[in-house]
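Just below is one structure, and these are the notes that go with it.
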Amino acid sequence: MEEKQYLMLPGPTPVPSGVLRALARPMINHRGPEFKALLEEVTDGLKKVFRTQNQVIIFPSAGTGAMEAAVANCVSPGDKVLVVSIGVFGERFAEIARRFGAQVEKLDFAWGTAADPAALAGVIKEDKNQEIKAVFVTHNETSTGVTNDVQGLRAALGDHPALFVVDAVSGLGAMELETDAWNLDVVVAGSQKSFMIPPGLSFLCLSPRAWEAAARCTNSRYYWDVEAARKMAEKGQTPYTPALPQISALAESLKMIEAEGLENIFARHRRLRDMVRQGARALGLELLARDEVASSAVTAILSPAGIGADTIRRVLREKFNVVVAGGQRQLQNKIFRIGHLGYVQDLDVIAALAALEMALACCGYKVELGQGVRAAQSVALAGVGEGGG
Ligand SMILES: Cc1ncc(COP(=O)(O)O)c(C=O)c1O
(Lines give C-alpha, C1' and ligand atoms only; values in the text may rest on other atoms or scores of the structure.)
Protein backbone atom coordinates (compact mmCIF):
# COMPACT_ATOMS: atom_id res chain seq x y z
CA MET A 1 0.00 0.00 0.00
CA GLU A 2 2.78 2.38 -0.99
CA GLU A 3 0.31 4.83 -2.47
CA LYS A 4 -1.68 5.72 0.63
CA GLN A 5 0.39 8.48 2.08
CA TYR A 6 -0.64 11.09 4.61
CA LEU A 7 0.59 14.30 3.05
CA MET A 8 0.52 16.64 6.03
CA LEU A 9 2.37 19.53 4.43
CA PRO A 10 1.49 23.22 4.27
CA GLY A 11 1.61 22.77 0.51
CA PRO A 12 1.39 21.01 -1.76
CA THR A 13 -1.76 19.75 -0.06
CA PRO A 14 -3.90 16.68 -0.82
CA VAL A 15 -6.09 16.93 -3.91
CA PRO A 16 -9.71 15.64 -3.76
CA SER A 17 -10.68 12.94 -6.27
CA GLY A 18 -13.16 15.16 -8.17
CA VAL A 19 -10.40 17.72 -8.64
CA LEU A 20 -7.97 15.04 -9.81
CA ARG A 21 -10.52 13.95 -12.42
CA ALA A 22 -10.88 17.54 -13.61
CA LEU A 23 -7.12 17.60 -14.25
CA ALA A 24 -7.56 14.82 -16.79
CA ARG A 25 -10.09 16.68 -18.96
CA PRO A 26 -9.15 17.02 -22.63
CA MET A 27 -7.46 20.26 -23.64
CA ILE A 28 -9.59 23.07 -25.05
CA ASN A 29 -8.78 26.07 -27.23
CA HIS A 30 -7.51 28.77 -24.88
CA ARG A 31 -8.65 31.38 -27.41
CA GLY A 32 -12.15 29.92 -27.71
CA PRO A 33 -15.55 30.39 -26.05
CA GLU A 34 -15.23 27.42 -23.67
CA PHE A 35 -12.11 28.88 -22.12
CA LYS A 36 -13.72 32.33 -21.87
CA ALA A 37 -16.58 30.83 -19.83
CA LEU A 38 -14.12 28.86 -17.68
CA LEU A 39 -11.93 31.88 -17.01
CA GLU A 40 -14.94 33.97 -16.03
CA GLU A 41 -16.21 31.23 -13.76
CA VAL A 42 -12.93 30.77 -11.88
CA THR A 43 -12.26 34.50 -11.67
CA ASP A 44 -15.68 35.03 -10.06
CA GLY A 45 -15.03 32.17 -7.66
CA LEU A 46 -11.61 33.54 -6.74
CA LYS A 47 -13.07 36.98 -6.04
CA LYS A 48 -15.38 35.38 -3.48
CA VAL A 49 -12.44 33.76 -1.72
CA PHE A 50 -10.40 36.98 -1.83
CA ARG A 51 -13.55 38.83 -0.74
CA THR A 52 -13.02 41.50 -3.30
CA GLN A 53 -14.55 43.35 -6.20
CA ASN A 54 -11.02 43.91 -7.53
CA GLN A 55 -9.68 42.06 -10.49
CA VAL A 56 -7.85 38.79 -9.80
CA ILE A 57 -5.16 37.72 -12.25
CA ILE A 58 -4.19 34.09 -12.66
CA PHE A 59 -0.60 33.29 -13.60
CA PRO A 60 0.66 29.83 -14.56
CA SER A 61 3.37 29.86 -11.89
CA ALA A 62 4.38 29.04 -8.35
CA GLY A 63 3.25 31.51 -5.67
CA THR A 64 6.64 33.20 -5.85
CA GLY A 65 5.80 34.22 -9.40
CA ALA A 66 2.89 36.32 -8.19
CA MET A 67 5.13 37.75 -5.45
CA GLU A 68 7.58 38.78 -8.16
CA ALA A 69 4.71 40.17 -10.26
CA ALA A 70 3.58 42.28 -7.29
CA VAL A 71 7.05 43.81 -7.04
CA ALA A 72 7.73 44.14 -10.78
CA ASN A 73 4.44 45.96 -11.37
CA CYS A 74 4.17 48.14 -8.27
CA VAL A 75 7.73 49.02 -7.25
CA SER A 76 10.07 51.14 -9.38
CA PRO A 77 13.86 51.01 -9.14
CA GLY A 78 15.00 53.32 -6.33
CA ASP A 79 11.67 53.20 -4.49
CA LYS A 80 11.88 52.80 -0.76
CA VAL A 81 9.83 49.87 0.52
CA LEU A 82 9.28 48.45 3.97
CA VAL A 83 9.19 44.68 4.43
CA VAL A 84 7.69 43.37 7.64
CA SER A 85 9.35 40.01 8.17
CA ILE A 86 8.55 37.22 10.62
CA GLY A 87 10.17 34.34 8.73
CA VAL A 88 11.31 32.83 5.46
CA PHE A 89 8.56 34.31 3.29
CA GLY A 90 9.01 37.83 4.59
CA GLU A 91 12.70 37.44 3.72
CA ARG A 92 11.71 36.32 0.25
CA PHE A 93 9.67 39.45 -0.41
CA ALA A 94 12.63 41.55 0.76
CA GLU A 95 14.98 39.70 -1.58
CA ILE A 96 12.67 40.05 -4.58
CA ALA A 97 12.26 43.78 -3.93
CA ARG A 98 16.06 44.18 -3.66
CA ARG A 99 16.59 42.40 -6.97
CA PHE A 100 14.11 44.75 -8.63
CA GLY A 101 16.13 47.72 -7.46
CA ALA A 102 14.11 48.85 -4.43
CA GLN A 103 15.73 50.33 -1.34
CA VAL A 104 14.54 47.81 1.18
CA GLU A 105 14.01 48.67 4.81
CA LYS A 106 13.11 45.79 7.09
CA LEU A 107 11.01 45.55 10.19
CA ASP A 108 11.98 42.18 11.68
CA PHE A 109 10.35 40.18 14.41
CA ALA A 110 11.68 37.04 16.08
CA TRP A 111 10.80 33.88 14.18
CA GLY A 112 7.84 32.26 15.89
CA THR A 113 6.28 35.60 16.81
CA ALA A 114 3.87 37.85 14.92
CA ALA A 115 4.48 41.38 13.69
CA ASP A 116 3.46 44.12 16.11
CA PRO A 117 1.16 46.69 14.48
CA ALA A 118 2.34 49.34 16.98
CA ALA A 119 5.93 48.88 15.78
CA LEU A 120 4.78 49.34 12.18
CA ALA A 121 2.82 52.44 13.17
CA GLY A 122 6.07 53.77 14.74
CA VAL A 123 8.06 53.33 11.52
CA ILE A 124 5.27 54.88 9.46
CA LYS A 125 5.11 57.88 11.79
CA GLU A 126 8.85 58.44 11.29
CA ASP A 127 8.37 58.53 7.51
CA LYS A 128 7.49 62.21 7.54
CA ASN A 129 8.20 62.75 3.84
CA GLN A 130 6.19 59.69 2.87
CA GLU A 131 9.12 58.10 1.09
CA ILE A 132 7.94 54.55 1.66
CA LYS A 133 6.10 53.45 -1.47
CA ALA A 134 4.98 50.00 -0.37
CA VAL A 135 4.68 47.92 2.79
CA PHE A 136 4.98 44.15 2.42
CA VAL A 137 3.54 41.74 4.96
CA THR A 138 2.98 38.00 5.21
CA HIS A 139 -0.50 36.84 6.14
CA ASN A 140 0.43 33.35 7.29
CA GLU A 141 4.15 32.73 7.80
CA THR A 142 4.36 29.10 6.75
CA SER A 143 7.92 28.65 8.00
CA THR A 144 6.94 29.28 11.63
CA GLY A 145 3.18 28.62 11.78
CA VAL A 146 2.37 32.18 12.78
CA THR A 147 -0.50 34.27 11.43
CA ASN A 148 -0.13 38.02 11.36
CA ASP A 149 -2.86 40.45 12.31
CA VAL A 150 -3.17 41.76 8.75
CA GLN A 151 -6.11 43.99 9.58
CA GLY A 152 -4.21 45.56 12.49
CA LEU A 153 -1.08 46.00 10.37
CA ARG A 154 -3.10 47.68 7.63
CA ALA A 155 -4.68 49.96 10.22
CA ALA A 156 -1.17 50.87 11.42
CA LEU A 157 -0.45 52.25 7.95
CA GLY A 158 -3.37 54.63 8.38
CA ASP A 159 -3.69 57.14 5.56
CA HIS A 160 -0.02 56.93 4.56
CA PRO A 161 -0.08 56.51 0.74
CA ALA A 162 2.18 53.43 0.58
CA LEU A 163 0.66 50.38 -1.06
CA PHE A 164 -0.12 47.56 1.32
CA VAL A 165 1.00 44.25 -0.20
CA VAL A 166 0.08 40.92 1.37
CA ASP A 167 1.57 37.50 0.75
CA ALA A 168 -1.47 35.36 1.52
CA VAL A 169 -0.14 32.28 -0.30
CA SER A 170 -0.68 29.83 2.56
CA GLY A 171 -3.45 31.63 4.45
CA LEU A 172 -6.04 32.74 1.95
CA GLY A 173 -9.04 30.44 1.92
CA ALA A 174 -8.11 28.85 5.25
CA MET A 175 -8.21 31.88 7.53
CA GLU A 176 -9.96 35.23 7.52
CA LEU A 177 -8.66 37.69 4.98
CA GLU A 178 -10.82 40.54 3.71
CA THR A 179 -9.21 42.18 0.70
CA ASP A 180 -11.73 45.00 0.30
CA ALA A 181 -12.97 45.48 3.87
CA TRP A 182 -9.39 45.67 5.17
CA ASN A 183 -8.28 47.90 2.31
CA LEU A 184 -5.50 45.65 1.01
CA ASP A 185 -3.89 46.85 -2.22
CA VAL A 186 -2.18 43.73 -3.45
CA VAL A 187 -2.89 40.18 -2.33
CA VAL A 188 -0.94 37.18 -3.57
CA ALA A 189 -2.07 33.56 -3.32
CA GLY A 190 -1.19 30.13 -4.73
CA SER A 191 -3.04 27.06 -5.91
CA GLN A 192 -1.38 24.29 -3.93
CA LYS A 193 -2.58 25.38 -0.50
CA SER A 194 -6.18 25.91 0.59
CA PHE A 195 -7.38 25.74 -3.02
CA MET A 196 -6.78 21.97 -2.98
CA ILE A 197 -5.36 21.81 -6.51
CA PRO A 198 -1.81 20.95 -7.60
CA PRO A 199 0.96 23.56 -7.70
CA GLY A 200 1.12 25.63 -10.86
CA LEU A 201 -1.21 28.60 -10.49
CA SER A 202 -0.71 31.85 -8.63
CA PHE A 203 -3.25 34.57 -8.06
CA LEU A 204 -2.71 38.30 -7.84
CA CYS A 205 -5.38 40.74 -6.77
CA LEU A 206 -4.85 44.47 -7.27
CA SER A 207 -6.85 47.41 -5.91
CA PRO A 208 -7.54 50.49 -8.04
CA ARG A 209 -4.62 52.21 -6.25
CA ALA A 210 -2.35 49.28 -7.15
CA TRP A 211 -3.43 49.51 -10.81
CA GLU A 212 -2.51 53.20 -10.78
CA ALA A 213 0.87 52.35 -9.29
CA ALA A 214 1.35 49.70 -11.98
CA ALA A 215 0.64 52.25 -14.70
CA ARG A 216 3.38 54.52 -13.25
CA CYS A 217 5.85 51.75 -12.45
CA THR A 218 9.11 51.87 -14.41
CA ASN A 219 10.36 48.35 -13.64
CA SER A 220 10.77 45.97 -16.56
CA ARG A 221 8.34 43.14 -16.95
CA TYR A 222 6.97 41.10 -19.80
CA TYR A 223 5.54 37.78 -18.66
CA TRP A 224 4.46 39.35 -15.36
CA ASP A 225 2.89 42.47 -16.88
CA VAL A 226 -0.49 42.89 -15.18
CA GLU A 227 -1.67 45.35 -17.80
CA ALA A 228 -1.28 42.68 -20.50
CA ALA A 229 -3.29 40.29 -18.32
CA ARG A 230 -6.00 42.89 -17.74
CA LYS A 231 -6.40 43.63 -21.44
CA MET A 232 -6.64 39.97 -22.36
CA ALA A 233 -9.06 39.22 -19.50
CA GLU A 234 -11.50 41.63 -21.15
CA LYS A 235 -11.59 39.16 -24.06
CA GLY A 236 -11.85 36.17 -21.74
CA GLN A 237 -8.27 35.15 -22.42
CA THR A 238 -4.82 35.18 -20.85
CA PRO A 239 -1.82 36.76 -22.61
CA TYR A 240 0.07 33.45 -22.83
CA THR A 241 -1.04 29.82 -22.87
CA PRO A 242 -2.77 29.12 -19.55
CA ALA A 243 -2.27 26.01 -17.40
CA LEU A 244 -5.52 24.47 -18.63
CA PRO A 245 -5.58 21.38 -16.37
CA GLN A 246 -5.05 23.47 -13.25
CA ILE A 247 -7.74 25.92 -14.28
CA SER A 248 -10.22 23.08 -14.84
CA ALA A 249 -9.23 21.73 -11.43
CA LEU A 250 -9.71 25.16 -9.90
CA ALA A 251 -13.27 25.34 -11.23
CA GLU A 252 -13.96 22.06 -9.45
CA SER A 253 -12.31 23.04 -6.18
CA LEU A 254 -14.08 26.41 -6.13
CA LYS A 255 -17.39 24.51 -6.29
CA MET A 256 -16.30 22.51 -3.24
CA ILE A 257 -15.29 25.71 -1.45
CA GLU A 258 -18.64 27.30 -2.26
CA ALA A 259 -20.52 24.21 -1.06
CA GLU A 260 -18.68 24.03 2.27
CA GLY A 261 -18.77 27.79 2.77
CA LEU A 262 -15.78 29.93 3.71
CA GLU A 263 -16.86 30.39 7.33
CA ASN A 264 -17.19 26.62 7.78
CA ILE A 265 -13.81 26.13 6.13
CA PHE A 266 -12.22 28.61 8.53
CA ALA A 267 -13.88 26.85 11.48
CA ARG A 268 -12.61 23.47 10.25
CA HIS A 269 -9.07 24.79 9.98
CA ARG A 270 -9.26 26.28 13.48
CA ARG A 271 -10.43 22.93 14.81
CA LEU A 272 -7.63 21.05 13.02
CA ARG A 273 -5.15 23.54 14.47
CA ASP A 274 -6.51 23.01 17.98
CA MET A 275 -6.43 19.24 17.56
CA VAL A 276 -2.77 19.31 16.57
CA ARG A 277 -1.86 21.74 19.33
CA GLN A 278 -3.72 19.89 22.09
CA GLY A 279 -2.41 16.58 20.81
CA ALA A 280 1.21 17.77 20.76
CA ARG A 281 0.90 19.35 24.21
CA ALA A 282 -0.58 16.15 25.63
CA LEU A 283 2.61 14.42 24.47
CA GLY A 284 4.70 16.96 26.33
CA LEU A 285 5.88 18.68 23.16
CA GLU A 286 6.49 22.40 22.92
CA LEU A 287 4.93 24.58 20.22
CA LEU A 288 6.81 27.37 18.47
CA ALA A 289 3.91 29.84 18.26
CA ARG A 290 1.75 31.16 21.06
CA ASP A 291 -1.95 30.28 20.86
CA GLU A 292 -2.96 33.88 20.08
CA VAL A 293 -0.98 33.95 16.83
CA ALA A 294 -1.09 30.25 15.93
CA SER A 295 -1.76 29.46 12.29
CA SER A 296 -4.81 27.44 11.29
CA ALA A 297 -2.87 26.08 8.31
CA VAL A 298 0.34 24.69 9.82
CA THR A 299 1.71 23.99 13.29
CA ALA A 300 5.41 24.13 14.13
CA ILE A 301 6.40 21.72 16.91
CA LEU A 302 9.78 21.79 18.61
CA SER A 303 11.55 18.46 18.67
CA PRO A 304 12.24 17.14 22.15
CA ALA A 305 15.74 17.56 23.62
CA GLY A 306 18.25 15.14 22.13
CA ILE A 307 16.11 14.12 19.14
CA GLY A 308 16.53 15.94 15.83
CA ALA A 309 13.32 17.05 14.18
CA ASP A 310 14.52 15.57 10.91
CA THR A 311 14.92 12.16 12.56
CA ILE A 312 11.29 12.29 13.68
CA ARG A 313 10.27 13.28 10.15
CA ARG A 314 12.27 10.44 8.65
CA VAL A 315 10.72 7.85 10.97
CA LEU A 316 7.25 9.24 10.28
CA ARG A 317 7.81 8.90 6.55
CA GLU A 318 9.69 5.60 6.46
CA LYS A 319 7.68 3.66 9.01
CA PHE A 320 4.23 5.23 8.83
CA ASN A 321 4.00 6.97 5.44
CA VAL A 322 3.19 10.29 7.08
CA VAL A 323 4.93 13.26 5.48
CA VAL A 324 5.43 16.43 7.49
CA ALA A 325 7.57 19.49 6.75
CA GLY A 326 10.85 20.40 8.38
CA GLY A 327 12.27 23.61 9.78
CA GLN A 328 13.95 26.09 7.45
CA ARG A 329 17.18 28.05 7.96
CA GLN A 330 17.78 28.66 11.68
CA LEU A 331 14.91 26.32 12.54
CA GLN A 332 16.29 23.41 10.55
CA ASN A 333 16.24 20.16 12.54
CA LYS A 334 14.76 22.08 15.48
CA ILE A 335 11.11 21.99 14.46
CA PHE A 336 8.83 19.88 12.34
CA ARG A 337 5.68 21.33 10.85
CA ILE A 338 2.38 19.53 10.52
CA GLY A 339 0.27 20.97 7.73
CA HIS A 340 -3.50 20.88 8.23
CA LEU A 341 -4.41 22.88 5.19
CA GLY A 342 -6.95 22.37 2.44
CA TYR A 343 -8.45 18.93 1.91
CA VAL A 344 -7.80 17.69 5.45
CA GLN A 345 -10.26 16.36 7.96
CA ASP A 346 -10.26 15.45 11.64
CA LEU A 347 -9.30 11.81 11.12
CA ASP A 348 -6.28 12.78 9.03
CA VAL A 349 -4.95 14.74 11.99
CA ILE A 350 -5.77 11.91 14.37
CA ALA A 351 -3.89 9.49 12.13
CA ALA A 352 -0.91 11.83 11.96
CA LEU A 353 -0.86 12.20 15.74
CA ALA A 354 -1.10 8.42 16.20
CA ALA A 355 1.87 8.05 13.88
CA LEU A 356 3.73 10.81 15.71
CA GLU A 357 3.29 9.00 19.02
CA MET A 358 4.73 5.82 17.52
CA ALA A 359 7.55 7.70 15.78
CA LEU A 360 8.48 9.41 19.03
CA ALA A 361 8.48 6.04 20.79
CA CYS A 362 10.78 4.67 18.06
CA CYS A 363 13.10 7.63 18.67
CA GLY A 364 13.36 6.81 22.38
CA TYR A 365 11.06 9.56 23.61
CA LYS A 366 8.93 8.55 26.57
CA VAL A 367 5.39 8.60 25.33
CA GLU A 368 2.18 7.11 26.59
CA LEU A 369 0.49 5.84 23.45
CA GLY A 370 -2.92 7.34 22.83
CA GLN A 371 -2.44 10.47 24.89
CA GLY A 372 -2.05 12.86 21.97
CA VAL A 373 -4.78 11.13 20.01
CA ARG A 374 -7.17 11.34 22.95
CA ALA A 375 -6.58 15.07 23.36
CA ALA A 376 -7.23 15.61 19.65
CA GLN A 377 -10.35 13.46 19.78
CA SER A 378 -11.73 15.62 22.56
CA VAL A 379 -11.30 18.72 20.40
CA ALA A 380 -12.87 16.95 17.41
CA LEU A 381 -15.79 15.70 19.45
CA ALA A 382 -16.56 19.17 20.72
CA GLY A 383 -16.62 20.28 17.07
CA VAL A 384 -18.97 17.55 15.85
CA GLY A 385 -21.89 19.56 17.20
CA GLU A 386 -21.07 22.39 14.83
CA GLY A 387 -20.90 20.23 11.73
CA GLY A 388 -17.98 17.88 12.38
CA GLY A 389 -15.14 17.19 10.00
C1 LIG B 1 3.58 32.25 2.80
C2 LIG B 1 4.16 31.75 1.53
N3 LIG B 1 4.54 32.64 0.60
C4 LIG B 1 5.05 32.26 -0.57
C5 LIG B 1 5.23 30.93 -0.86
C6 LIG B 1 5.86 30.56 -2.15
O7 LIG B 1 5.05 29.76 -2.90
P8 LIG B 1 5.69 28.85 -4.05
O9 LIG B 1 6.53 27.81 -3.37
O10 LIG B 1 4.49 28.28 -4.74
O11 LIG B 1 6.49 29.73 -4.92
C12 LIG B 1 4.87 29.97 0.06
C13 LIG B 1 5.08 28.54 -0.20
O14 LIG B 1 5.09 27.71 0.66
C15 LIG B 1 4.30 30.38 1.29
O16 LIG B 1 3.93 29.49 2.20
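You will find that of 19, 15, the residue that is away from the ligand (no atom under 12 Å from the Cβ), closer than 30 Å to residue 355 by Cα and open to solvent by less than 30 Å² (accessible area, probe 1.4 Å) is 19 and no other. Taking the criterion of being in contact with a Pro (Cβ under 9 Å, 6 or more places away or on another chain) and open to solvent by 20 Å² or more (accessible area, probe 1.4 Å), the residues of region 59-87 that qualify are 60, 62. Note on region 90-132: residues that are farther than 23 Å from residue 217 by Cα and without any contact (Cβ under 8 Å) to a residue 60 or more places away in the chain total 15. Taking the criterion of being open to solvent by less than 20 Å² (accessible area, probe 1.4 Å) and assigned to a helix (DSSP H, G or I), the residues of region 272-292 that qualify are 272, 275, 276, 277, 279, 280.
Under 7 Å between Cβ atoms, at least 6 apart or on separate chains: pull out the pairs that start in region 168-179 with a residue that is of a type outside the set (S, T, N, Q) and end on any residue that is at pLDDT below 95 and open to solvent by 10 Å² or more (accessible area, probe 1.4 Å). Listed pairs, sorted by first residue: none to list. Can you go through 302, 360 and tell me which one is touching a Lys or Arg at 6+ places or on another chain (Cβ under 9 Å), farther than 25 Å from residue 14 by Cβ and not assigned by TED's automatic domain parsing to the domain that holds residue 87? Among 302, 360, only 302 is touching a Lys or Arg at 6+ places or on another chain (Cβ under 9 Å), farther than 25 Å from residue 14 by Cβ and not assigned by TED's automatic domain parsing to the domain that holds residue 87. Check whether at least one residue in region 133-151 is acidic (Asp, Glu), touching a Ser or Thr at 6+ places or on another chain (Cβ under 9 Å) and either closer than 24 Å to residue 273 by Cβ or in contact (Cβ under 8 Å) with a residue 40 or more places away in the chain (or both), and report yes or no. Looking through region 133-151, at least one residue is acidic (Asp, Glu), touching a Ser or Thr at 6+ places or on another chain (Cβ under 9 Å) and either closer than 24 Å to residue 273 by Cβ or in contact (Cβ under 8 Å) with a residue 40 or more places away in the chain (or both). Residues considered: 167, 149, 180, 127. Of these, the only one that is among the acidic types (Asp, Glu) and buried (at least 24 other Cβ atoms within 10 Å of the Cβ) is 167. Scanning region 204-253 for residues that are within 23 Å of residue 36 (Cβ to Cβ), β-branched (Val, Ile, Thr) and over 22 Å from the mean Cα position of the chain (by Cα) yields 238, 241.
Residues that are surrounded by fewer than 20 Cβ atoms within 10 Å (Cβ to Cβ) and of a type in the set (Gly, Ala, Ser) within region 95-109 comprise just one, 101. How about region 82-107: which of its residues are more than 16 Å from the ligand (Cβ to nearest atom) and in a helix (DSSP H, G or I)? Within region 82-107, just 98 meets the criteria. Do we find that residue 349 is in a helix (DSSP H, G or I) and open to solvent by 20 Å² or more (accessible area, probe 1.4 Å) in this structure? No; evaluated as a whole, the condition is false for this residue. Counted as qualifying within region 131-205 are the strands (runs of 3 or more DSSP E) with 1 or more residues that are under 30 Å from residue 17 (Cα atoms) and within 11 Å of the ligand (Cβ to nearest atom), namely 163-167, 186-190.
When the test is whether a residue is open to solvent by 60 Å² or more (accessible area, probe 1.4 Å), within 24 Å of the chain's Cα centre (by Cα) and in the same structural domain as residue 284 (by TED's automatic domain parsing), residue 337 does not pass it.
Counting only residues that are in a loop (DSSP other than H, G, I, E, B) and more than 26 Å from residue 89 (Cβ to Cβ), region 306-327 holds 3 of them.
The values are calculated or read from the model by the stated rules, or taken from the named source; none is laboratory data. Since this is a predicted model, take the numbers as computed values, not measurements. Please note: Cβ atoms are built from the backbone with ideal geometry, for glycine as well, and neighbour counts cover all protein chains shown. Note: accessible area is taken over every heavy atom of the protein model, side chains too, but ligands, DNA and RNA are not part of it. Shrake-Rupley method; radii C 1.70, N 1.55, O 1.52, S 1.80 Å.
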